[in-house]
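These notes are about the structure you will find just below.
The values are calculated or read from the model by the stated rules, or taken from the named source; none is laboratory data. Just so you know, these numbers come straight off a predicted model, no measurement behind them. Cβ: placed from backbone, ideal geometry, glycine included. Neighbour counts: every protein chain shown. These accessible areas exclude ligands, DNA and RNA; they are computed on the full protein's heavy atoms, side chains included. Shrake-Rupley method; radii C 1.70, N 1.55, O 1.52, S 1.80 Å.
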Amino acid sequence: MSHLLAQEDLPRHVAIIMDGNGRWAERRHKPRLFGHEAGMKAVREVIETAADLQIPYLTLYAFSQENWKRPRAEVDALMKLLQRYIRSESKKLIEKGIRVCAIGELDRLSPSSRAELDNLIAQTADNDQLIVTLALSYGGRAEIVEVARQIAKRVADGDLDPDDVDETLFKSLLYKPDLPDPDLLIRTSGELRISNFLLWQLAYTELYVTDVLWPDFDRQAFVDAIIAFQNRERRFGTVLT
Ligand code: FPP
């Protein structure tokens with residue numbers, strides 16, 4: 001582990017947009033699925049690294065709402081990969097005290113993927129070493145619209161005064177209200193976009209973009225991102241005194 005990493009100043013919550021599996025495969029003249037499979041290994045390494053560093057929260061953008069528009073074969077392959085990941089990793093995740101959660105429109109997942117996911121979530125529910133949140137069929141706008149719908153219903157039912165709608169109430173209605181806002185967002189493969197990820201939660205998050213493609217994002221690449229974060233000055237809109 002790099003000696004430049006300050007153990008006392010780690011981000012509490014790291015969120016990652018895992019991008020570049022397709023390009024990684026293309027460069028090797030292989031099908032896209034080959035890149036996703038390699039991406040699964042990177043998921044494993046990043047989770048292990050977060051656990052070793054004692055970072056408490058890690059959120060991974062595994063499948064966006066927009067990803068449903070990909071060719072059927074690729075969507076099916078990604079769903080199968082998720083199931084394979086759950087089957088092969090469950091034991092280790094449970095042993096290591098890692099809790100797995102999920103955010104997104106989970107009802108859209110195939111029944112078998114949903115069942116395996118629910119099972120893993122239940123089996124790890126009492127763990128607290130590291131909370132890994134998988135964003136699946138996730139869209140930041142959809143999450144915000146869902147909160148708006150719940151607020152509108154409460155107002156319509158006469159249970160809520162519009163004057164009482166504030167940020168605290170809004171946050172309490174997000175998919176995972178207890179998840180602290182990310183301190184650091186990492187995006188791989190060089191794209192300078194948020195891509196509908198955690199739109200509410202990223203308000204003051206430090207952004208780090210690397211050209212490394214997701215399957216190549218290893219322990220050292222993760223540590224490099226954290227070192228970059230540690231060299232930032234976070235002001236949250238104020239002036240440091
Ligand atoms: C982006 O690469 C990646 C995805 C759409 C899927 C992410 C999936 C994994 C990392 C593997 C499985 C994950 C779990 C949790 C089991 P891309 O296909 O958009 O790459 P490209 O932009 O180069 O085409």
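Taking region 81-99 as the range and being without any contact (Cβ under 8 Å) to a residue 24 or more places away in the chain and more than 10 Å from the ligand (Cβ to nearest atom) as the test, the residues that pass are 91, 92, 95. In this structure, is residue 58 open to solvent by less than 40 Å² (accessible area, probe 1.4 Å) and touching a residue at least 40 places away in the same chain (Cβ under 8 Å)? When the stated conditions are applied, residue 58 passes them.
For (1) in contact with a Pro (Cβ under 9 Å, 6 or more places away or on another chain); (2) within 7 Å of the ligand (Cβ to nearest atom); (3) open to solvent by 20 Å² or more (accessible area, probe 1.4 Å); (4) at pLDDT 95 or above, each residue gets a yes or a no:
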position	(1), (2), (3), (4)
2	no, no, yes, no
8	no, no, yes, no
11	yes, no, no, yes
20	yes, yes, no, yes
29	no, no, yes, yes
49	no, no, no, yes
52	no, no, yes, yes
65	no, no, yes, yes
71	no, no, yes, yes
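Those helices (runs of 4 or more DSSP H) of region 87-196 in which 1 or more residues are crowded, with 19+ Cβ neighbours inside 10 Å occupy 111-123, 140-156. Away from the ligand (no atom under 14 Å from the Cβ), assigned to a helix (DSSP H, G or I), free of Cβ contacts under 8 Å to residues at least 60 places away in the same chain and surrounded by 12 or more Cβ atoms within 10 Å (Cβ to Cβ), is that true of residue 229? It is false that residue 229 is away from the ligand (no atom under 14 Å from the Cβ), assigned to a helix (DSSP H, G or I), free of Cβ contacts under 8 Å to residues at least 60 places away in the same chain and surrounded by 12 or more Cβ atoms within 10 Å (Cβ to Cβ). Tell me, please, whether a residue that is within 16 Å of the chain's Cα centre (by Cα) and farther than 16 Å from residue 217 by Cα can be found in region 36-49. The answer is no, given that none of the residues of region 36-49 is within 16 Å of the chain's Cα centre (by Cα) and farther than 16 Å from residue 217 by Cα.
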